[in-house]
């Protein structure tokens, strides 16, 4: 039988936690992306495999919902599998479960495969369809809501700007998908993470890529006491150019 | 026989690399600190063990010298051991070696144990001396130079300021030792890391702790084409308060 789900075993290391000794969202996010890539690689469609054929995976959307975060020294398993493939996109899901059975949370992600020379998306159902189909497991539960739509934010919602630095850039040469999350979480005061409070659900849509030196402007709008919309644009000039949306996100604390 | 050296096996995951597909210094640094803490914990003197007795480990100095960085999917072992203990400090060393035998580099670190209520350092040779002594292994080679002294920098060497954010803070409630390294590396342009160039040796002295919201000012002075001194101060006001030195570092590219 074909193995469809891979599980990465992890012990939460002390310096991968926040000031409340909870696993950081940065480490969680990186672990999800690494699990995705390792799962794909083991099945012949990792980024390295695609590179030779001028294709690469592009993360389009990510929704993570955590009931709780593992604490320092907790032993967890991060599982990933492919739920479905349709024309231009594939749905990959994740679970984070303690070895003691504690269900910490789930994640949903949507990926496209693009030809990095023509920038055209690949027709996933046709191209290598047989390879993908055998690993689909639509019946595996991922009991969190799919991602909704985040609206554009107004110029007046501007909070801060940041020039993309060396540490922001990953192996693809773009600002790393998870680094955006780190910068977005840093828009909120310490109190948002104190006394048992933490980010509960994050939805993020990746709309364009940004590069070293790009001026990233962060916009934030409060929806209610526990929910915020965020937009990141590149090339925004206050009172001038609106810039290009790079990321839109919804955060529920 | 007492086991004195612990080795953490790691496969360099794709999203833990930089744009040249090299393991990041941030992940390297975190791995060293985690290895140190896990090694101490396994022997009864980890931070958690000390917490009950009002003590904690404080990293005083760190010198890392890398001949090369592991690349994506390389399999490596990160080893750590305690070289020596003297009155108020202990020397802990590290090696990073590929499973194929490639010696990537070494690190030296100096730690103090402090009473976090009185802020007084513990007399390590007396306190629990017997526990520590049995794990010392001074004969294990760590063929890199010990750390030198970094001089104070001038106000005119000021480069940028940064308010410490949520993601900067670790389980101790301070700005994380490795996050300083990330911020310091971000002071240098992309070209410093391109075309095979990379940081070769880093020396860093931790002089004071900083906290959420602290204004951290970064100073940089060029020594020669490949070497720079860096200082981080908190509370610096241009033309006013000199501030307090938090970190001093020497970087050789």
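Can you classify segment A:132-253 as rounded, prolate or oblate using the Cα gyration tensor, where a ≥ b ≥ c are the square roots of its eigenvalues, rounded means a/c under 1.5, and otherwise it's prolate if a/b beats b/c and oblate if not?
Numbers: a/c = 1.71, a/b = 1.22, b/c = 1.40.
Cα axes put segment A:132-253 in the oblate bin.
Could you tell me the calculated FRET efficiency between residue A:73 and residue B:2, based on Cβ-Cβ distance and R0 = 22 angstrom, to the nearest 0.05? Walk me through the numbers on the way to the answer.
On the way: r = 23 Å, r/R0 = 1.05.
E(calc), rounded to 0.05, equals 0.45.
Along Cα→Cβ at 7 Å, what distances in nm separate the residue B:161 label point from those on the other copies, shortest first?
Copy-to-copy label distances at residue B:161, shortest first: 1.8 nm.
Give me the one-decimal Kirkwood hydrodynamic radius in Å for segment A:159-207, with the sum taken over alpha-carbon pairs.
On the way: mean 1/r = 0.0796 Å⁻¹.
It works out to 12.6 Å.
Tell me what chain A gives for mean residue ellipticity at 222 nm when only DSSP H runs of n ≥ 4 count, each as -39,500 (n - 2.57), the sum divided by the residue total, rounded to 500 deg cm²/dmol.
Calculated from helices alone, the mean residue ellipticity at 222 nm is -4000 deg cm²/dmol.
If I model a spin label as a point 7 Å beyond the Cα along the Cα-Cβ vector, how far apart are those points for residue A:159 and residue B:53 in nm?
4.3 nm
Using only atoms on other chains, find how many Cβ atoms lie within 10 Å of each Cβ of peptide A:189-198 and report the average. Write out the running numbers ahead of the final one.
Details: counts 4, 7, 0, 1, 4, 2, 0, 0, 0, 0.
Across A:189-198, the average partner-chain Cβ count within 10 Å equals 2.
For all pairs of alpha-carbon atoms in segment A:37-125, what percent lies in each bin of width 5 Å, listed from the first bin to the last filled one?
3, 13, 20, 21, 16, 11, 8, 6, 2, 0
For the protein assembly as shown, just say rounded, prolate or oblate: build the C-alpha gyration tensor, square-root its eigenvalues into a ≥ b ≥ c, call rounded for a/c under 1.5, and beyond that prolate if a/b exceeds b/c, oblate if not.
Working: a/c = 1.61, a/b = 1.35, b/c = 1.19.
It is prolate, given that a/c is not under 1.5 and a/b is the larger ratio.
Copy-to-copy spacing for residue A:235, label 7 Å out on the Cα-to-C-beta vector, in nm, shortest first?
Label point to label point, same position, other copies: 4.5 nm.
Working from the alpha-carbon coordinates of chain B, get Rg over Rh, Rh being the Kirkwood radius.
Working: Rg = 18.3 Å, Rh = 19.1 Å.
Radius of gyration relative to Kirkwood radius: 0.96.
Looking at chain B, what % of its DSSP beta bridges pair antiparallel, to the nearest 5? Let's see the in-between values first.
Values: 72 of 73 bridges.
Looking only at bridges with both residues in chain B, the antiparallel portion is about 100 percent.
Is segment B:75-214 best put as rounded, prolate or oblate by its Cα gyration tensor, with a ≥ b ≥ c the root eigenvalues, rounded for a/c under 1.5, and otherwise prolate when a/b is larger than b/c, oblate when not?
Values: a/c = 1.98, a/b = 1.16, b/c = 1.71.
Taking the square roots of the gyration eigenvalues as a ≥ b ≥ c, segment B:75-214 is oblate.
Could you compute the FRET efficiency for residue B:242 and residue B:145, with r as their C-beta to C-beta distance and R0 at 41 Å, rounded to 0.05? Let's see the in-between values first.
Values: r = 30 Å, r/R0 = 0.74.
Efficiency, from the Cβ-Cβ distance: 0.85.
Taking the simple approach of a point 7 Å from Cα along Cα-to-Cβ for both residue A:99 and residue A:211, what is their distance in nm?
Going from the residue A:99 label point to the residue A:211 one covers 4.5 nm.
May I ask you to compute the full-extension gain from residue B:42 to residue B:192, defined as 0.36 nm times their residue separation minus their alpha-carbon distance, rounded to one decimal in nm?
Working: separation 150, 0.36 × 150 = 54.00 nm, distance 3.89 nm.
Length gained, residue B:42 through residue B:192: 50.1 nm.
Assuming 1.002 mPa s and 20 °C, estimate D for segment B:17-57 with Stokes-Einstein, Rh taken as the Kirkwood radius over Cα pairs, in µm²/s. Let's see the in-between values first.
Numbers: Rh = 11.5 Å.
Roughly 186 µm²/s, to the nearest whole number.
Sorted by mean Cβ packing within 10 Å, highest first, what order do the peptides B:100-110, A:241-251, A:166-176 take?
Details: B:100-110: 17.0, A:241-251: 18.7, A:166-176: 20.5.
Ranking, from highest mean packing down: A:166-176, A:241-251, B:100-110.
May I ask you to list the residues of segment A:76-119 whose amide nitrogen lies under 15 Å from a point 7 Å from Cα along the Cα→beta-carbon direction of residue A:125?
Taking a point 7 Å out along Cα→Cβ of residue A:125, the residues of segment A:76-119 whose backbone N falls under 15 Å are A:84-91.
Inter-copy label distances at residue A:253, 7 Å along the Cα→beta-carbon direction, one decimal in nm, shortest first?
Shortest to longest, the spacings are 4.0 nm.
No value in this document is a laboratory result; all are computed from the given coordinates. For clarity, every value in this text was computed on a predicted model and none was experimentally measured. Quick reminder, even Gly has a Cβ in these numbers, built from the backbone with ideal geometry, and neighbours come from all protein chains shown.
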